[in-house]
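These notes concern the structure reproduced below.
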Amino acid sequence: MAIKVALLGAGRIGKVHARAVSASEGATLVAVADAFPEAAESLAAGYGANVRSIDEIAVSEDVDAVVICTPTTTHADLIEQCARAGKAVFCEKPIDLSLDRVKSCLKTIEDLGALLMIGFNRRFDPHFKAVRDAIDAGRIGDVEMVQITSRDPGAPPPSYIETSGGIFRDMTIHDFDMARFLLGEEITTVYATGSVLVDPEIGKLGDYDSAIVVLTTGSGKQCSISNSRRATYGYDQRVEVHGSTGAVAAENLRPVSIELATQDGYTRPPLHDFFMTRYLDAYAAEIAAFIDAVENGRVPSPSGEDGLKALALAEAALKSVAERRAVGMDEI
């Protein structure tokens, strides 16, 4: 029997998840909620769902699970509301911008015995997953160093920056989770630098648009992360893992994978323009994993604890930039 899913939030990421839910053999999108009725109606109509309020969805007997794609400030409250109503919950990152609020939310989930999965979609990207598979298969020996490049094609508007929590909580948080995923052990020290090189307005809001982070584990494994809000050549997403007997890397993807050779040299098509197309397969696999967890009672991954640890790394990065020093995770 198909898992009946309701979508909370019909914006950009909501549309991506609506498509993923509908593409899953084990799920049916039955309801959509959004603060803007027109957005909810448009999205619901495209998938044969109906429009309901969030409160209506929470008490609907024909809803087994919810996918939360609303603004970050609403996540923790909605997770708790839906979990108390007996729904399985998938929520986009982060759970909240406050570590204390995340901890209290996860305590509620634990007390209820509810199912919660957090949207770190990059773990499900076929290419990044293949890197992890190569590590697990022993193809490169012991992991020693990881390099992650994550650069957006352009900076978001100031109105987004004001509520996003800043580059480390909003953007780098994906890379923090990927670092944990690839290193295979917990990070103990964070050293970060941040600059404003793209848009002065971002700096006026107290944020950064360019950042470098170096992470170190207890055994000495290292990961470097390069972030920028501006990559004029497209959405730049690469990882490389160096091990004791070799290395494995996932390069950038293009919508069309061809190379043209002429007397003027070699040219290739541009990169994907942003996450909606670059990670389309990852979003589909992520939702499929959530539906499988709901249907078969599996422990979801990434978990709420993964969300907490990624946010803690973001807090350490902010402290590191402010104090210009390496920050131990035992300080956070």
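How much length is gained if the chain between residue 323 and residue 251 is pulled fully straight, taking 0.36 nm per residue apart and subtracting their Cα-Cα distance, in nm to one decimal?
So the extension gain works out to 22.5 nm.
Residue-wise, which Karplus ³J(HN,Hα) couplings in Hz belong to the stretch 176-184, taking 6.51 cos²θ - 1.76 cosθ + 1.60, θ = phi - 60°, and x for glycine or proline?
4, 5, 5, 4, 4, 4, 8, 5, x
Give the calculated FRET efficiency between residue 111 and residue 281 to the nearest 0.05, with a Förster radius of 51 Å applied to their Cβ-Cβ distance.
On the way: r = 36 Å, r/R0 = 0.70.
My answer for the efficiency is 0.90.
Starting from the amide H of residue 154, placed 1.01 Å from N in the peptide plane, find each other amide H under 5 Å away whose residue is 5 or more places distant or on another chain.
The answer is 231.
Please state the relative contact order of the chain as a whole percent: Cα pairs under 8 Å, 6+ residues apart?
Averaging sequence separation for qualifying contacts and normalising by length gives 20 percent for the chain.
What percent do you get for the relative contact order of the stretch 3-114 when only Cα pairs under 8 Å and 6+ apart count?
Over the stretch 3-114, the number comes to 25 percent.
Compute the acute angle (0 to 90°) between the alpha-carbon long axis of helix 75-84 and the principal axis of greatest extent of the alpha-carbon atoms of the chain; round to the nearest 10°.
Tilt relative to the chain: about 40 degrees.
What three numbers, in Å, describe the spread of the alpha carbons of the chain along their principal axes, ordered from the longest?
Result for the chain: principal-axis Cα extents of 56, 55, 46 Å.
In the structure displayed, which of 204/319; 4/87; 15/107; 221/309; 15/103 lie more than 20 Å apart, Cα to Cα?
Long pairs (Cα-Cα over 20 Å): 15/107; 15/103.
Which of the listed residues, 246, 215, 300, is farthest toward the dipole's positive end in the chain, when Lys, Arg count +1 and Asp, Glu count -1 at the beta-carbon?
Ranked along the dipole, the leading option is 246.
Expressed as a whole percent, how much of the Cα-Cα distance distribution for the stretch 3-114 exceeds 18 Å? Present the calculation step by step, with values, prior to reporting the outcome.
Working: 2795 of 6216 pairs.
Result for the distance tail: 45 percent.
5 Å is the cut-off here: which amide hydrogens, built 1.01 Å from N in the peptide plane, fall below it relative to residue 188, excluding neighbours closer than 5 in sequence?
Excluding prolines and chain starts, which carry no amide H, the hits are 216, 217, 218.
If you place +1 on the Cβ of every Lys and Arg, -1 on the Cβ of every Asp and Glu, and leave all else neutral, what size is the dipole of the chain about its Cα centre, to the nearest 20 Debye? Let's see the in-between values first.
Numbers: 32 positive and 48 negative charges, 101 e Å.
Computed charge dipole of the chain: roughly 480 debye.
With θ taken as phi - 60° and the coefficients 6.51, -1.76 and 1.60, list the Karplus ³J(HN,Hα) couplings across the stretch 248-258 in order, rounded to whole Hz; mark glycine and proline as x.
Taking θ as phi minus 60°, the curve returns 9, 9, 10, 8, 5, 10, 10, x, 10, 9, 9 Hz for the stretch 248-258.
Give the calculated FRET efficiency between residue 219 and residue 25 to the nearest 0.05, with a Förster radius of 45 Å applied to their Cβ-Cβ distance.
According to the calculation, E is roughly 0.60.
Subtracting the Cα-Cα distance from 0.36 nm times the residue separation, let me have the gained length for residue 296 to residue 332 in nm, one decimal.
Working: separation 36, 0.36 × 36 = 12.96 nm, distance 3.57 nm.
Separation in residues times 0.36 nm, less the Cα-Cα distance, equals 9.4 nm.
Hey, in the GNM for the chain with a 10 angstrom Cα cutoff, which one of 146, 131, 59 fluctuates hardest?
59
Angle, helix 280-296 long axis vs. longest principal axis of the chain, Cα atoms, 0 to 90°, nearest 10?
The angle comes out at about 50 degrees.
If the chain between residue 195 and residue 36 were fully stretched, how many nm would it gain, using 0.36 nm times the residue separation less the Cα-Cα distance?
53.7 nm
Bear in mind that the values in this text are calculations on the coordinates, not laboratory data. Bear in mind that the values here come from a model prediction, so they are computed numbers and not experimental data. Please note: Cβ atoms are built from the backbone with ideal geometry, for glycine as well, and neighbour counts cover all protein chains shown.
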